[in-house]
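The values are calculated or read from the model by the stated rules, or taken from the named source; none is laboratory data. Computed from a predicted model, the values in this text were never measured in an experiment. Virtual Cβ from ideal backbone geometry, glycine too; neighbours counted across all protein chains shown. Surface accessibility is based on the protein's heavy atoms, side chains included, excluding ligands, DNA and RNA. Shrake-Rupley method; radii C 1.70, N 1.55, O 1.52, S 1.80 Å.
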Amino acid sequence: MIERPLLLVDVDGVLNPLGRPTPDFRKYECHVEGQTYTVFLNSRHGTRLLSLAVETGSELVWATTWEHWANEWIAPRLSLPQLPVIKLPPNVRGQFGEMFKTPAIAEYVGRRPFVWFDDQVWAADEDYLRAHPGVGDFLLVQVDPRVGLTQTEFGYAREWLRRLP
């Protein structure tokens, strides 16, 4: 049985832009373990992510430091269902220059093809994943953190996923 491709989604800098959000973003205050975080979310992101997943037969997964809190605070505001969460290590740059998330991503995805939407993926992350035994095909989609996820990035993912066997 062939497993479905994965769509890995970060929150900050991807769904929650770090720059001045456009009017289609709404401001929310989220309370996580005694801290209050202000996030700006666009409900269209949820619709577009779900549509992309359905259209390409992919599975959505959180790849964010929000971890399980993304299901509590982000998903409902984007009309997303509860999603699987990749458990991440502490935020420390890897020994080869890869982002702290990258080894956990490699372990989680295995041979499944995946698209990873993140604002902090670089050449070192791609090199790490290509060299990591057991990692299948992938597309790293670097999102401009000032703007967040746009139709352009959705288009890259859609075209790449459509070319999968």
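Can you give me the distance in nm between label points at SER51 and THR150, each placed 7 Å from the Cα along the Cα-to-Cβ direction?
Between SER51 and THR150, the simple spin-label model gives 1.8 nm.
Distance between the C-alpha centers of the range 97-142 and the range 28-88? Whole Å please.
Between the Cα centre of the range 97-142 and that of the range 28-88, the gap is 20 Å.
How large is ³J(HN,Hα), in whole Hz, for each residue of the range 144-152 in order, when computed from phi with the Karplus curve 6.51 cos²θ - 1.76 cosθ + 1.60 and θ = phi - 60°, using x for Gly and Pro?
5, x, 6, 10, x, 5, 10, 4, 4
To the nearest 20 debye, what is the magnitude of the charge dipole of the range 45-165 about its Cα centre, counting +1 on the Cβ of each Lys and Arg and -1 on the Cβ of each Asp and Glu?
180 debye
In the full protein assembly as shown, how much of ARG162 is accessible to a 1.4 Å probe, in Å² to the nearest 10?
Per-residue accessible area (ARG162): approximately 140 Å².
Per the 1.4 Å probe, what fraction of the accessible area of the chain, in percent, lies on carbon and sulfur atoms?
52 percent
Using a 1.4 Å probe, what is the accessible area per residue for the chain, in Å²?
For the chain, the solvent-accessible area averages 53 Å² per residue.
Would you please state which residues of the range 126-148 a label at PHE96 would reach in this model, taking the label point 7 Å out along Cα→Cβ and a backbone N cut-off of under 17 Å?
Answer for the range 126-148: 126-140.
In terms of modelled amide H atoms, which long-range or inter-chain residues lie less than 5 Å from the amide H of PHE138?
Under 5 Å from the amide H of PHE138 lie the amide H atoms of PHE114, each far enough along the sequence or on another chain.
Shape of the range 1-100 from its Cα gyration tensor (a ≥ b ≥ c, root eigenvalues): rounded if a/c is under 1.5, otherwise prolate when a/b > b/c, or oblate?
Since a/c reaches 1.5 but b/c is at least a/b, the shape of the range 1-100 is classed as oblate.
Taking the Cα-to-Cβ direction at LYS87 and at ARG130 and moving 7 Å from each Cα, how far apart do the two end points lie in nm?
3.1 nm
With N set to the number of residues, divide the alpha-carbon radius of gyration of the range 37-161 by 2.2 N^0.38 Å and report two decimals.
1.03
Pull out a ≥ b ≥ c, the square roots of the eigenvalues of the alpha-carbon gyration tensor of the range 125-165, then state rounded if a/c is under 1.5, prolate if not and a/b is larger than b/c, and oblate in the remaining case.
oblate
From the backbone phi of the range 48-58, what are the Karplus-calculated ³J(HN,Hα) couplings (6.51 cos²θ - 1.76 cosθ + 1.60, θ = phi - 60°) in whole Hz, Gly and Pro given as x?
Computed from phi, the couplings for the range 48-58 are 5, 5, 4, 4, 4, 4, 5, 4, 9, x, 9 Hz.
State whether the range 101-159 is rounded, prolate or oblate according to the following rule on the C-alpha gyration tensor (a ≥ b ≥ c being the square roots of its eigenvalues): a/c under 1.5 gives rounded; otherwise a/b larger than b/c gives prolate, and the remaining case gives oblate.
It is prolate, given that a/c is not under 1.5 and a/b is the larger ratio.
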